[in-house]
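The values are calculated or read from the model by the stated rules, or taken from the named source; none is laboratory data. Since this is a predicted model, take the numbers as computed values, not measurements. Cβ placement follows ideal geometry from the backbone for every residue including glycine, while neighbour counts extend to all protein chains displayed.
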Amino acid sequence: MAQINPDFAKELKKYGAFDFNACYNCGTCTAVCSLSDENNSFPRKMVRLSVLGLEDELQSSVDPWLCYYCGECSTTCPQQTDPGELMMSLRRYLTAKYDWTGLAGKLYTSKIWEFGAIIFLAAVILVLFIFFHGPMTTELTSEGGVKLNTFAPWKQIEIGDWIMAGLLSFFLLSNIFNMYLKIVVSRKDISVPFKLYFTELWALAVHFATQKQFSKCDTQLSGKKIEFSTYWIIHLFLMTSYVIMLIMIMVFLPWFQTDNIYEWWHPQRLLGYYATIGLTVGVVYFFIERINKTSEKSKHSHVTDWTFLVLLFLTTITGILVHFFRIYGLPYATYYMYVFHLMVLFPMLMIEVPFSKWSHLAYRPFAIYFNNLVKAAQHSEAKNIAPSLA
Ligand code: SF4
Ligand code: SF4
């Protein structure tokens, strides 16, 4: 028996949705959406489920994760129902519902929680440095660089990184498991053959590495229709930079935080430069887009969109400054900036990866993977039934 939540519109508004109750089911959004087909009335089905407040159906759906917010449906909707923004809000809502700790919901719907969590995590780093930092030596390396590893020994930082990596992985993976329960296990009409979990893995890897679903949409820029590929390339550049940075600080810190900073051609430096350029270009591009509201998807910015960009920007800029202060032999500037860098980096990773904006990079490919499992299971069951009917 389907459960209806009559207050669903009120709840979803906290995640950013507009007045979707104005929808009169005309189907224009489905006609223009490149993701809709004969089997899926995309995004109209999600609008109808939201209007009716059918939360279980919404939570077991992958549709919000397939949408890349090109905005075509919003610009053509005769009722200004803004289905594109509804899909965006549903992604935030689903992120909150997958999260068993309840933190994602609090961070998305309360500015006090969002800013309080950032300040608290930054304060943890500050306190740890006040009590446990190494000597603030002004002695420089033979090449004239700052001895950062004396002030912040990489072994201690690495232990902190591993603890953080363990927590991030635990929260993110357990939330993904919750997503799996809602999308696959809740489907009582299918049973997924075990081997499909392996044969469909390629889709997960490909979609995570390329985020290629982006290339299916067109978008509007200053009223002019353009291919989504520009957005896709910049998003991919930003995403790969972010992932490289994450891997470098969590897995290869001794290699990354070396005092040997003058060999710019060394792979750790080149990867660091790639990540720095990618983060800078991506952050500036998305800042400009959100400030100028140049595309449909940047017209409505949730507070968490801004905090993610600001944290990413501060992480990048402080990382660049640490690098230059080290090279130019400025010990105190290096030490203070390094502490500030970690005070921004730590909340950025702890909040964004498992509970907020970044998690969509993991949820999207997993949604496609789970969707493929369901479809393949339906297909194989249909094949088994067909001969018995013949
Ligand atoms: S175009 Fe607007 S009014 Fe028509 S079905 Fe889509 S959301 Fe509803
Ligand atoms: S924003 Fe684009 S991809 Fe998403 S539902 Fe609307 S038309 Fe489809």
Response to the item:
Residues in region 47-93 that are touching a strand residue (DSSP E or B) at 6+ places or on another chain (Cβ under 9 Å) and within 12 Å of ligand 1 (Cβ to nearest atom) total 2
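Give the residue that is surrounded by the fewest Cβ atoms within 10 Å (Cβ to Cβ), with candidates limited to residues of region 16-43 that are in a helix (DSSP H, G or I) and near ligand 2 (Cβ under 9 Å from one of its atoms). Outline the logic, then answer.
Taking region 16-43 and keeping what is in a helix (DSSP H, G or I), we get 20-22, 28-32.
Filter once more, keeping what is near ligand 2 (Cβ under 9 Å from one of its atoms): 29-30, 32.
Numbers: 29: 30, 30: 20, 32: 16.
Per the criteria, the residue is 32.
Residue-wise test of (1) within 16 Å of ligand 2 (Cβ to nearest atom); (2) more than 30 Å from residue 69 (Cα to Cα); (3) in a helix (DSSP H, G or I); (4) in contact (Cβ under 8 Å) with a residue 12 or more places away in the chain.
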| site | (1), (2), (3), (4) |
| --- | --- |
| 276 | no, no, yes, yes |
| 288 | no, no, yes, no |
| 306 | no, no, yes, yes |
| 314 | no, no, yes, yes |
| 323 | no, yes, yes, yes |
| 334 | no, yes, yes, yes |
| 340 | no, yes, yes, yes |
| 348 | no, no, yes, yes |
| 353 | no, no, yes, yes |
Item to complete: Kindly list, by first and then second residue, each pair from a residue in region 64-76 that is of a type in the set (S, T, N, Q) to a residue that is away from ligand 1 (no atom under 14 Å from the Cβ), limited to pairs with Cβ atoms under 8 Å and residues at least 6 apart or on different chains.
Response: 75/220
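Looking at region 15-46 only, could you name the residues that are more than 8 Å from ligand 1 (Cβ to nearest atom), of a type in the set (S, T, N, Q) and either within 25 Å of residue 3 (Cα to Cα) or assigned by TED's automatic domain parsing to the domain that holds residue 370 (or both)?
To start, the set of residues in region 15-46 that are more than 8 Å from ligand 1 (Cβ to nearest atom) comprises 15-19, 21, 31-42, 45-46.
Then keep just the ones that are of a type in the set (S, T, N, Q); that gives 21, 34, 36, 39-41.
Those that are more than 8 Å from ligand 1 (Cβ to nearest atom), of a type in the set (S, T, N, Q) and either within 25 Å of residue 3 (Cα to Cα) or assigned by TED's automatic domain parsing to the domain that holds residue 370 (or both): 21, 39, 40, 41.
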Practice prompt. Grab the helices (runs of 4 or more DSSP H) fully contained in region 103-167, keeping just those with 3 or more residues being basic (Lys, Arg).
Written response: none
